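Peer 1: Structure incoming, see below.
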2 protein chains.
Amino acid sequence: MQSYIMPRAVLVTGGAGYVGSHTVITLLERQSDGDPLEIVVVDNLSNGYCAEGEKKPEALKRIEELTGKTVHFYKVDIRCAEALDRIFENHNIDCVIHFAALKAVGESVEKPLEYYQVNINGTCTLFEIMRKHGVYKLVYSSSCTVYGEPEYLPINESHPTGKSLTSPYGKSKYFCEEIMKDLCVSDKKWAIISLRYFNPVGAHESGRIGEDPSGIPNNLMPYISQVAVGRLKELKVFGDDYPTADGTGVRDYIHVCDLAAGHVQAIKLFHQPGFNGFHAINLGTGTGYSVLEMVAAFSNASGRAVPHAVAPRRAGDVTANVADVALATRSLGWRATRSLHDMCRDTWRWQEANPNGYHRI
Amino acid sequence: MQSYIMPRAVLVTGGAGYVGSHTVITLLERQSDGDPLEIVVVDNLSNGYCAEGEKKPEALKRIEELTGKTVHFYKVDIRCAEALDRIFENHNIDCVIHFAALKAVGESVEKPLEYYQVNINGTCTLFEIMRKHGVYKLVYSSSCTVYGEPEYLPINESHPTGKSLTSPYGKSKYFCEEIMKDLCVSDKKWAIISLRYFNPVGAHESGRIGEDPSGIPNNLMPYISQVAVGRLKELKVFGDDYPTADGTGVRDYIHVCDLAAGHVQAIKLFHQPGFNGFHAINLGTGTGYSVLEMVAAFSNASGRAVPHAVAPRRAGDVTANVADVALATRSLGWRATRSLHDMCRDTWRWQEANPNGYHRI
């Protein structure tokens, strides 16, 4: 117990993943006086690439190169209480940004038990170890999925949650929010910010950090970019008969670096005297784009054609989803600054330079 | 792997608890040709009394005395995957009746993490080990709490669940039901019967097995009986201004031996060819009684006065709750046969003979 000489640290679970790695680099880029000095990442690498013989995942190695700073890394599964416990003993953890989770909607229908075990049991294990070490500050990686089928647009944080959820993934995010609300009721020491992401896209402007989905991408943007680079043949547009301007689904896409900046702002709230309780905050741009608008913007930014064909609607897809971002502006002093063109250009820069993601072959 | 010579067994988690122990004795009393021969109980004894130096909890010892049959007992927490795994190796488990859970509504508000860890993580661990051993038949101990504030009465199984849930206890039951539904969608091998209990009361007619709550009882009937026996001074009636006949809350009380018989019927469904999927079934009587009716019936059955005083309503209490039990009759060939007088008489017989529950002092 010599925490008085240990520098304060932020623990980032899932820090080798897509949003996690962009948050790590943004934390390091924006580090200023009073911020925790150390970044400690735990990740089981279920979605993060680490070259054979290397001790750190490729994303974190590139972050260290780009920033000239060090990231502590532990290959640990958050369900392992003993391993988490040791990390809290080795570092003076001040707050936690909790990304670690499984996130593929379709896969969650096939493997619900795995999703609940990682996303709920893992999260409860993390809470248990945090509490054991007197750490009560948490930023949680939530999702607009908790809103289900929107009852109105744009969706603000008062919109009902937990209704009409169709996938174990979505339910797991909702259940975790309920668990966190109950924790905050039971003990005023907890201060939890649940950031409800809309649709994160894009990549770090260096083109060296980006989204590296394993297998066929589940999300639109990586799919488009893999079609543009020639790795996939054709984009399937799921449904062109939605009641939208061009018939395709509308989403609120947000640049991952804007999203990451939202997390950096969120942990500043912990410095406010008396800040506690559960706070859900949307992170989006407030503007929706259709699938066809995304395709057009990407073609324009990349100079490549994106062949696409219409397919039937997918079960569980909503017509449109757009965030009301007033609360984020008010409480975090944050707003998204990057345009759709920025999102496409940065995705393309990453995709072109890393056609196989972090894999070198 | 010599399961071909091992007798088929029912695993009862939480089998030393109130509903669990009554189900164990009912299984043994009604054992007939074709039923599994062995009863295997796992219980961490968080709510079950075991005398010092004894290997089996008092409730199971009495069951063995009453029936002349043996119950296998393991003091195991369902969150311990390794211990569960060994039990599945030691016995030829055919199906599981899963009672093990924390169940005090008020305590769950104070200790939500403990409730979620036992009730959800423990249940997921059990599912994982069941699947590993090819066991897919489960009866789950659910609750009418999943319905929240009733939208209509009597409540049938199509009533919405998960809305207006106020306690971590109630949420944990609802979350588990959702997880089980998702499991059944993901793999047709699962056959899960979720029995939604209304208000279990009463005791085995021998007077030797009954409810043994630790500390001040949370539920009405054990509170009434402890007042009648002189262990508590006065019953608090929470609210007499509800829109009911006498102003006090109305509940559907069911004799615990009727409830236990419902479980015995439920496991017979597993013999039906092709029976699979998720099935929720109410277990109640279909008749509601008010707090004051319960007090009067108990006084009458016990011949003791039950002093009571009106106190303010408790947060989260609903006005009335009565089950539609048509599905239980149709699908299980079951209905409750014991009257309110039976419930009071059997509670009193147990309470009078065991003023301190299973504790001998």
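The values are calculated or read from the model by the stated rules, or taken from the named source; none is laboratory data. The shown structure was predicted, so the numbers you read here are calculated from the model rather than taken from an experiment. Positions of Cβ are generated from backbone atoms using ideal geometry, with glycine treated the same way; all protein chains shown enter the neighbour counts. Keep in mind that these areas ignore ligands, DNA and RNA; they rest on the heavy atoms of the full protein, side chains included. Shrake-Rupley method; radii C 1.70, N 1.55, O 1.52, S 1.80 Å.
Peer 1: Only one of these is under 24 Å from residue B:40 (Cβ atoms), charged (D, E, K, R) and away from every other protein chain (no Cβ under 14 Å): B:89, B:157. Name it.
Peer 2: Result: B:89 is the single residue among B:89, B:157 that is under 24 Å from residue B:40 (Cβ atoms), charged (D, E, K, R) and away from every other protein chain (no Cβ under 14 Å).
Peer 1: Considering B:217, B:200, which residue is away from every other protein chain (no Cβ under 14 Å), modelled with pLDDT under 95 and either in contact with a helix residue (DSSP H, G or I) (Cβ under 9 Å, 6 or more places away or on another chain) or assigned to a loop (DSSP other than H, G, I, E, B) (or both)?
Peer 2: The match here is B:217.
Peer 1: Take region A:1-50 and flag every residue that is of a type in the set (Val, Ile, Thr) and touching a Ser or Thr at 6+ places or on another chain (Cβ under 7 Å).
Peer 2: A:12, A:19, A:25, A:42
Peer 1: To continue, here is another question. Quick check, is residue B:118 within 13 Å of another protein chain (Cβ to nearest Cβ), surrounded by 21 or more Cβ atoms within 10 Å (Cβ to Cβ) and in a helix (DSSP H, G or I)?
Peer 2: yes
Peer 1: Among the listed residues B:106, B:134, which satisfies the condition of being open to solvent by 20 Å² or more (accessible area, probe 1.4 Å) and within 24 Å of residue B:222 (Cβ to Cβ)?
Peer 2: Of the residues listed, the single one that is open to solvent by 20 Å² or more (accessible area, probe 1.4 Å) and within 24 Å of residue B:222 (Cβ to Cβ) is B:106.
Peer 1: Would you check which residues across region A:101-110 are within 19 Å of residue B:131 (Cβ to Cβ) and more than 7 Å from chain B (Cβ to nearest Cβ) and list them?
Peer 2: A:102, A:107, A:108
Peer 1: Take region B:186-201 and flag every residue that is more than 25 Å from the chain's Cα centre (by Cα) and more than 17 Å from residue B:95 (Cα to Cα).
Peer 2: Selection gives B:186 alone.
Peer 1: Pick from region B:166-185 the residues that are of a type in the set (D, E, K, R) and either more than 9 Å from chain A (Cβ to nearest Cβ) or more than 20 Å from the chain's Cα centre (by Cα) (or both): which of them is surrounded by the most Cβ atoms within 10 Å (Cβ to Cβ)?
Peer 2: B:173
Peer 1: Any chance you could count how many residues in region B:186-197 are within 13 Å of another protein chain (Cβ to nearest Cβ) and in contact (Cβ under 8 Å) with a residue 24 or more places away in the chain?
Peer 2: The total comes to 5.
Peer 1: Failed condition for residue B:37, given (1) surrounded by 15 or more Cβ atoms within 10 Å (Cβ to Cβ); (2) under 14 Å from residue B:72 (Cα atoms), with all others met?
Peer 2: So the condition that residue B:37 fails would be (1).
Peer 1: Determine, yes or no, whether residue A:237 is part of a helix (DSSP H, G or I) and either small (Gly, Ala, Ser) or on the phi < 0 side of the Ramachandran plot (or both).
Peer 2: Here the answer is no, as residue A:237 does not meet what is asked.
Peer 1: While we're on this one: Go over the candidates B:188, B:163 one by one and state the one that is assigned to a loop (DSSP other than H, G, I, E, B), open to solvent by 10 Å² or more (accessible area, probe 1.4 Å) and more than 29 Å from residue B:336 (Cα to Cα).
Peer 2: B:188
Peer 1: Part of a helix (DSSP H, G or I) and open to solvent by 20 Å² or more (accessible area, probe 1.4 Å): which single residue out of B:145, B:123, B:70 fits that description?
Peer 2: Only one candidate passes the filter, namely B:145.
Peer 1: I'd like the residue in region A:8-30 that is open to solvent by less than 50 Å² (accessible area, probe 1.4 Å) and in a loop (DSSP other than H, G, I, E, B) and, out of all such residues, is nearest to residue A:198 (Cα to Cα).
Peer 2: A:17
Peer 1: How many residues, within region A:40-61, are among the charged types (D, E, K, R), open to solvent by less than 20 Å² (accessible area, probe 1.4 Å) and more than 12 Å from residue A:12 (Cβ to Cβ)?
Peer 2: Total meeting the criteria: 1.
Peer 1: Still on this model: Any idea which of (1) within 14 Å of chain A (Cβ to nearest Cβ); (2) modelled with pLDDT under 95 is the one residue B:149 doesn't satisfy?
Peer 2: (1)
Peer 1: What number of residues in region A:200-221 are without any contact (Cβ under 8 Å) to a residue 60 or more places away in the chain and surrounded by 17 or more Cβ atoms within 10 Å (Cβ to Cβ)?
Peer 2: The number of residues fulfilling the criteria is 2.
Peer 1: Quick test for you: out of B:32, B:21, pick the one residue that is touching a residue at least 60 places away in the same chain (Cβ under 8 Å) and of a type in the set (S, T, N, Q).
Peer 2: The conditions single out B:21.
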